[in-house]
1. Does segment 73-91 include one or more residues that are touching a residue at least 24 places away in the same chain (Cβ under 8 Å), over 25 Å from Ser4 (Cα atoms) and either in contact with a Lys or Arg (Cβ under 8 Å, 6 or more places away or on another chain) or surrounded by 13 or more Cβ atoms within 10 Å (Cβ to Cβ) (or both)?
2. Given Leu93, Leu64, which one is closer than 11 Å to Val53 by Cβ, hydrophobic (A, V, I, L, M, F, W, C), assigned to a helix (DSSP H, G or I) and modelled with pLDDT of 95 or more?
3. Which numbered condition trips up Val41, out of (1) surrounded by 14 or more Cβ atoms within 10 Å (Cβ to Cβ); (2) in contact (Cβ under 8 Å) with a residue 40 or more places away in the chain; (3) outside any helix (DSSP H, G or I)?
4. Going through segment 63-72 one residue at a time, which ones are small (Gly, Ala, Ser) and surrounded by 13 or more Cβ atoms within 10 Å (Cβ to Cβ)?
5. Filter segment 44-62 down to the residues that are within 20 Å of Ile21 (Cα to Cα) and surrounded by fewer than 17 Cβ atoms within 10 Å (Cβ to Cβ), then identify the one that is nearest to the chain's Cα centre (by Cα).
6. Just name the residue that is farthest from the chain's Cα centre (by Cα) out of those in segment 1-28 that are outside any helix (DSSP H, G or I) and in contact (Cβ under 8 Å) with a residue 60 or more places away in the chain.
7. Taking the stated definitions as given, is Lys84 more than 16 Å from Ile17 (Cβ to Cβ), charged (D, E, K, R) and either assigned to a strand (DSSP E or B) or touching a strand residue (DSSP E or B) at 6+ places or on another chain (Cβ under 6 Å) (or both)?
8. Right, Asp11: closer than 20 Å to Glu99 by Cβ and of a type outside the set (Ser, Thr, Tyr) or not?
Amino acid sequence: MSPSEFLALADETLNTIEDAISTVGDTTDLDIEATRSGNVVTIDFANGSKIIVNSQEPMQEIWLAAKSGGFHFKWDGNAWMDTKGAGEFFAALSKYASEQAGAPVIVKA
């Protein structure tokens, strides 16, 4: 993938996360908020925990940092997949966000 293709795809992914988390916060009783600064989306939870998602242009990856650990995802042509074989990005983000929120949080592409 060319650098410009990666940047466009990563930007779309970060926008999707920000929009999805904002929708969750607006349509549920969960106190959850997403803010974006450049290539970083920070998701804040009522309990003070955070999830950080950012794009890594040199590696052409999306990185996710949650209480459960740090994870790297690479585009396989169809989806962002964990570089260690642990699954798809949005499923992982939903899992870790749900754990940190203490309630179901679904984030879809």
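The values are calculated or read from the model by the stated rules, or taken from the named source; none is laboratory data. Nothing here was measured: the structure is a model prediction, and the numbers come from that model. Note that each Cβ is placed from the backbone with ideal geometry, even for glycine, and that neighbours are counted across all protein chains shown.
1. Scanning segment 73-91 turns up no residue that is touching a residue at least 24 places away in the same chain (Cβ under 8 Å), over 25 Å from Ser4 (Cα atoms) and either in contact with a Lys or Arg (Cβ under 8 Å, 6 or more places away or on another chain) or surrounded by 13 or more Cβ atoms within 10 Å (Cβ to Cβ) (or both).
2. Values: Leu64 fails: assigned to a helix (DSSP H, G or I).
Step by step, each of Leu93, Leu64 is checked, and only Leu93 is closer than 11 Å to Val53 by Cβ, hydrophobic (A, V, I, L, M, F, W, C), assigned to a helix (DSSP H, G or I) and modelled with pLDDT of 95 or more.
3. (2)
4. Here is the first cut: in segment 63-72, the residues small (Gly, Ala, Ser) are 65-66, 68-70.
Across segment 63-72, the qualifying residues are Ala65, Ala66, Ser68.
5. We begin by selecting, within segment 44-62, every residue within 20 Å of Ile21 (Cα to Cα); these are 44-55, 62.
Those left that are additionally surrounded by fewer than 17 Cβ atoms within 10 Å (Cβ to Cβ): 46-50, 52.
Numbers: Ala46: 18, Asn47: 19, Gly48: 17, Ser49: 15, Lys50: 11, Ile52: 7 Å.
Looking at residues that are within 20 Å of Ile21 (Cα to Cα) and surrounded by fewer than 17 Cβ atoms within 10 Å (Cβ to Cβ), I get Ile52.
6. Of segment 1-28, the ones outside any helix (DSSP H, G or I) are 1-2, 28.
Still in the running and in contact (Cβ under 8 Å) with a residue 60 or more places away in the chain: 1, 28.
Working: Met1: 21, Thr28: 19 Å.
Looking at residues that are outside any helix (DSSP H, G or I) and in contact (Cβ under 8 Å) with a residue 60 or more places away in the chain, I get Met1.
7. Details: more than 16 Å from Ile17 (Cβ to Cβ): yes; charged (D, E, K, R): yes; either assigned to a strand (DSSP E or B) or touching a strand residue (DSSP E or B) at 6+ places or on another chain (Cβ under 6 Å) (or both): no.
It is false that Lys84 is more than 16 Å from Ile17 (Cβ to Cβ), charged (D, E, K, R) and either assigned to a strand (DSSP E or B) or touching a strand residue (DSSP E or B) at 6+ places or on another chain (Cβ under 6 Å) (or both).
8. Numbers: closer than 20 Å to Glu99 by Cβ: no; of a type outside the set (Ser, Thr, Tyr): yes.
Against the criterion (closer than 20 Å to Glu99 by Cβ and of a type outside the set (Ser, Thr, Tyr)), Asp11 does not qualify.
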